[in-house]
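As structure tokens, the structure follows; a few thoughts come after it.
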Amino acid sequence: MYEIILTYFKNPVKVVVLCTLIYSILSLKKIGRMHKYLLTVLIVCFIIELLNTTLKVCGISTVISTTFGTIIHHGIWLLILGNFVHFRFPYKVLLYSFLFISFVNLFFIEGAITFNYSTFITGAFIYIFIFTYECFQKLKSENLLFFSSNNFVLISAPIILFFGYSFYFSFKDYWLGEIKIYGVKFYDILSLFVNVIYYTFLNLYIYRQVKSDYAGKRQD
């Protein structure tokens, strides 16, 4: 147990995941739909990070846990984004297509012996496509206030993470991640960069939500 805890807290990304989860639990008093989704995302991220740490310490592969974590993580983010789309039927088709492709890929294509790169990239591409389309629709309708809203902060959070990891996973080359830049592995640099942006946006969303709720109470 001590080795698992020590290994977990040696990784700055894992520490940020835990801190963000604790911050969200303590701060988000009003449990609306978006808050439930966000808490679910953070709980899933924490469980996967803790489970993967435990498996690595025990010398067990993390392929299955990471793949399932990816499917759940991407699926929840697509559900979050779905609250802001206007083309409901095409959105549902894309959402169910992602879930179908993910499980077909897991059981029949890339399988359970290697991380399902295609699943991550497919989910990321679908999310970015829908996000971009909706942004253009907001611009077209001159709804510029949306881009300064807290909801926009929330749905923007995973964009860099999806772009960064998809770029890396598209090569499907383990040795690319082993390349060292000033003594640090490329994968570690990429992972830290995209996750810092990801969790910064999530923490910003939580902070702005808390500030908004406090302002609302003062008005009451």
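The values are calculated or read from the model by the stated rules, or taken from the named source; none is laboratory data. Note that the structure is a prediction, hence the values are computed from the model and not measured. FYI the Cβ positions are ideal-geometry reconstructions off the backbone, even for glycines, and counts take in every protein chain you see. Quick note on the areas: whole protein, heavy atoms, side chains included, nothing else; ligands and nucleic acids left out. Shrake-Rupley method; radii C 1.70, N 1.55, O 1.52, S 1.80 Å.
Return yes or no: is Lys10 loosely packed, with under 12 Cβ neighbours inside 10 Å and within 21 Å of Tyr199 (Cα to Cα)?
So Lys10 fits the description; yes.
Output the number of the condition that Ile72 fails; it satisfies all remaining conditions of (1) open to solvent by 40 Å² or more (accessible area, probe 1.4 Å); (2) in contact (Cβ under 8 Å) with a residue 60 or more places away in the chain.
Failing condition for Ile72: (2).
Specify which of the listed residues (Ile22, Ile43) is open to solvent by 20 Å² or more (accessible area, probe 1.4 Å), modelled with pLDDT of 95 or more and either within 23 Å of Phe129 (Cβ to Cβ) or more than 16 Å from the chain's Cα centre (by Cα) (or both).
Ile22
Any idea how many residues of the range 50-65 are part of a helix (DSSP H, G or I), open to solvent by 40 Å² or more (accessible area, probe 1.4 Å) and under 21 Å from Gly111 (Cβ atoms)?
Residues that pass the stated criteria total 3.
Can you spot a residue in the range 117-125 that is crowded, with 16+ Cβ neighbours inside 10 Å, assigned to a helix (DSSP H, G or I), more than 20 Å from the chain's Cα centre (by Cα) and modelled with pLDDT of 90 or more?
Checked against the condition, which is being crowded, with 16+ Cβ neighbours inside 10 Å, assigned to a helix (DSSP H, G or I), more than 20 Å from the chain's Cα centre (by Cα) and modelled with pLDDT of 90 or more, the range 117-125 yields no hits at all.
Criterion first (within 16 Å of Leu161 (Cα to Cα) and not basic (Lys, Arg)) does Phe98 satisfy it?
Taking the combined requirement at face value, the residue does not satisfy it.
Show me the helices (runs of 4 or more DSSP H) found entirely inside the range 133-193 where at least 2 residues are surrounded by 12 or more Cβ atoms within 10 Å (Cβ to Cβ), free of Cβ contacts under 8 Å to residues at least 24 places away in the same chain and of a type outside the set (Gly, Ala, Ser).
Correct list: 159-169.
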